[in-house]
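Novice: One structure follows; several queries about it will come next.
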Amino acid sequence: MDWWPLGNFWAHFAVFALAIIVFVLLMVMVFIWFERRAFGPFQMRWGPNRASPWGALQPVADAIKVLLKEDIVPAVADKWVHFIAPVVGFLPVLLIFAVVPFHDGHGLIPDMSIGILYVVAISALSVVGVFMAGWSSGNKYSLLGGMRVIAQMVSYEVPLVLSIISVVLVAGSLSMNEIVAAQEIPFFVLMPLGFLIFLIAAMAEINRGPFDLLEADSEIVAGFHIEYSGMKFAMFYLAEYGHALAMSAVAATLFFGGWRGPGDEYIGFLWFLLKVFFIFFLLIWARVTFPRLRVDHLMGFGWKFLFPLALMNVFVVAAEMIVWGEIDGGMPWWIVFINLPAALVLIYLWSRLFRFGGGRVGVNA
Amino acid sequence: MSSIAKVLNWGRHYSTWPFGSGLACCAMEMVATASSRFDITRFGMDVFRASPRQADLFIVSGTLTWKMAPAVKMLYDQMAEPKWVIAMGACAISGGTFAHSYSVVPGVNRIIPVDVYVPGCPPRPEALIYGVMMLHKKIDKRKFRQQD
């Protein structure tokens, strides 16, 4: 840490912990505004535009309102669990940012040798908070939402981790900073299939877009946070967007080369931010385009489509690493011409094979 | 009016989340208000909350029967303070055409307090938006420690 003027571990820790909290809170505000404004053109409307120019202060108004709303705890609720659930849901989201490299080697602990393993382990924890909320509210709909989120997270964790494995194979390291350093060519070009699988699994992991089954309005009212109001509800809102931000940051690091980009080396942070926004835009795009999946279709899609595809992706990348892995200390650029057709063929094949009963019977379950 | 009240009222003004409930045909006009042509999103009201715990504004849209009345009363009680109610349409205001019927509540103000009445049968989306703007005016005048 010779770049750091104080040269003290605890000073570094305190400053970056504070910086990350501020970064997450600010970016969540910006993301909420960005999403609601981006919905406008997609749905041929304006979006929020009354609260200050371009509705820029809309999230501020939401925050003021929701923080000062009455806090209701149901009489049948498990009071202590009901109180602690939003914190348990939000804490892992904040912890993910500990290993994200915001700039070359700059972050809380960007050089942690098991960085990406840490991200996978921590991000799976937020499901505990959601289930605690669902269980403790003493409401059948919230419990259903909690049950759904467990099934969904367990199913989509598998393809997520498998797509990360292909990245780790090529980069040759679990450290987030070294994964970025290994990306002479961004990995979404080298491994388009891996990126697609990661993006879809991440969408399911953060319970957004077409996978927001745990708070499906038309089926289970508001899902796991049905009994939450005021500040605790705001925490869940924060956790949802914070998780989207975290997954965008991880995707930018793993597949878009994080802080790498043309130009001066000091603008690495801006490149990182730009890529995070781009991936968040992809998430918004999917959310506003696709209708919500049915529960059985969700599980079928996860286990019968994404999981085999992720396995094939790992197999293809591993075989390529054995054959060409030693050239110039990395994957050669022309691997694109093998991986892109391979991705298209695999997706086509699986879309043909992924039919219940070979396409002969419908699903009546 | 204190400056704290101003800030609070500003927040509540621009973030009045409606409760996603509809009773009768007026609900269709409420849905049209939320759709892109009339675009209630502009006022920051695009978050139609499905749970009464998180909603600020109860738009009672349409005929309220005595059989439905306990449910509406319960939903209103479940909403967290501060909360507002718009009575939308002639039936919600006074029972409308069915005012003398044995089964229709002659005005929702018999069971829950109403802030703004929006007349019409059904009111056009523009009328509902005007009602929402009247409600915004009411919110702006709110005192810091006001109990409704």
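Every read-out reported here was derived from the displayed coordinates using simple, explicitly stated rules and does not represent laboratory data. Note that the structure is predicted; figures quoted are calculated from it, not measured. Counting neighbours? That spans all protein chains shown, and the Cβs are built from the backbone with ideal geometry, glycine included.
Novice: Enter the angle in degrees (range 0 to 90, nearest 10) between the Cα long axis of helix B:125-140 and the first principal axis of the Cα atoms of chain B, meaning the one along which they spread out most.
Specialist: 40 degrees
Novice: Based on the Cβ-Cβ distance from B:R124 to A:I267, what FRET efficiency comes out when R0 is 56 Å, to the nearest 0.05?
Specialist: 0.60
Novice: A follow-up question, please. Only bridges with both residues in the protein assembly as shown count here: give the DSSP antiparallel percent, nearest 5.
Specialist: 15 percent
Novice: Here's another thing I want to ask about it. If the cut-off is a Cα-Cα distance under 13 Å, which aspartates and glutamates reach B:K6, setting aside same-chain residues fewer than 8 apart in sequence?
Specialist: Within the straight-line cut-off, B:K6 pairs with B:D140.
Novice: Once a ≥ b ≥ c are taken as the square roots of the eigenvalues of the Cα gyration tensor of chain A, is the result rounded (a/c under 1.5), prolate (a/b larger than b/c) or oblate (a/b not larger than b/c)?
Specialist: Oblate is the answer for chain A, as a/c is 1.5 or above yet b/c matches or exceeds a/b.
Novice: As a test of the formula, what do you get for the protein assembly as shown when each DSSP H run with n ≥ 4 contributes -39,500 (n - 2.57) and the sum is divided by the residue count, at 222 nm and rounded to the nearest 500 deg cm²/dmol?
Specialist: Roughly -18000 deg cm²/dmol at 222 nm, from the helical runs in the protein assembly as shown.
Novice: Once both axes come from the Cα atoms, what is the angle between helix B:69-78 and the longest principal axis of chain B, in degrees from 0 to 90, rounded to 10?
Specialist: With rounding to tens, the tilt is 10 degrees.
Novice: Here is a further query. Under 14 Å between alpha carbons, and skipping anything fewer than 8 positions from B:K137 in its own chain: which aspartates and glutamates qualify?
Specialist: B:D115
Novice: Say each of A:L25 and A:V76 gets a label point 7 Å from the Cα, pointing the same way as Cα to Cβ; how far apart are those two points in nm?
Specialist: Here the answer is 3.7 nm between the modelled labels.
Novice: In nm, give the distance between the simple-model label positions of B:N109 and B:Q146, each being 7 Å from the Cα along the Cα-to-Cβ direction.
Specialist: So the label points at B:N109 and B:Q146 sit 1.7 nm apart.
Novice: Across segment A:57-353, how many lysine pairs separated by 8 or more positions, or lying on different chains, have Cα atoms within less than 27 Å?
Specialist: Count of close lysine pairs: 8.
Novice: Let me ask something else. For chain A, what are the DSSP H helices with axial Cα length of 18 Å or more and mean Kyte-Doolittle hydropathy of at least 0.5? Don't skip to the answer; put the middle values down first.
Specialist: Values: long enough: A:9-42 (47 Å, 1.81); A:79-96 (28 Å, 1.83); A:140-171 (46 Å, 1.43); A:192-205 (19 Å, 1.99); A:230-255 (37 Å, 1.03); A:268-289 (32 Å, 1.99); A:307-324 (25 Å, 1.90); A:336-353 (25 Å, 1.68).
Membrane-span-like by this rule: A:9-42, A:79-96, A:140-171, A:192-205, A:230-255, A:268-289, A:307-324, A:336-353.
Novice: Applying 1/(1 + (r/R0)^6) with R0 = 22 Å to the Cβ-Cβ distance of B:C25 and B:D77, what FRET efficiency is obtained, to the nearest 0.05?
Specialist: 0.30
Novice: Which distance in nm do the two modelled labels at A:M147 and A:M231 give, with both placed 7 Å along the Cα-to-Cβ direction?
Specialist: Simple spin-label model gives 3.3 nm for this pair.
Novice: Ranked by Cβ crowding within 10 angstrom, fewest neighbours first, how are A:E240, A:E219 ordered?
Specialist: Sorted ascending by nearby Cβ count, the order is A:E219, A:E240.
Novice: Ranking A:S166, B:S15 by Cβ neighbours within 10 Å, fewest first, what do you get?
Specialist: B:S15, A:S166
Novice: Counting other beta carbons within 10 Å of each residue's own, what order do A:L91, B:L23, A:L174 fall into, fewest first?
Specialist: Numbers: A:L91 15, B:L23 22, A:L174 19.
In order of increasing Cβ crowding within 10 Å: A:L91, A:L174, B:L23.
Novice: A further question follows. When the label point is put 7 Å from the Cα of A:H12 along its Cα-to-beta-carbon vector, which residues of segment A:89-110 have a backbone N closer than 13 Å?
Specialist: Answer for this model: A:105-110.
Novice: Ok, one more. Please state the shape class of segment B:35-104: rounded when a/c is under 1.5, otherwise prolate if a/b exceeds b/c and oblate if not, all from the C-alpha gyration tensor. Please report the intermediate quantities before stating the final value.
Specialist: Values: a/c = 2.82, a/b = 1.45, b/c = 1.95.
Because a/c hits 1.5 or more and a/b fails to exceed b/c, segment B:35-104 counts as oblate.
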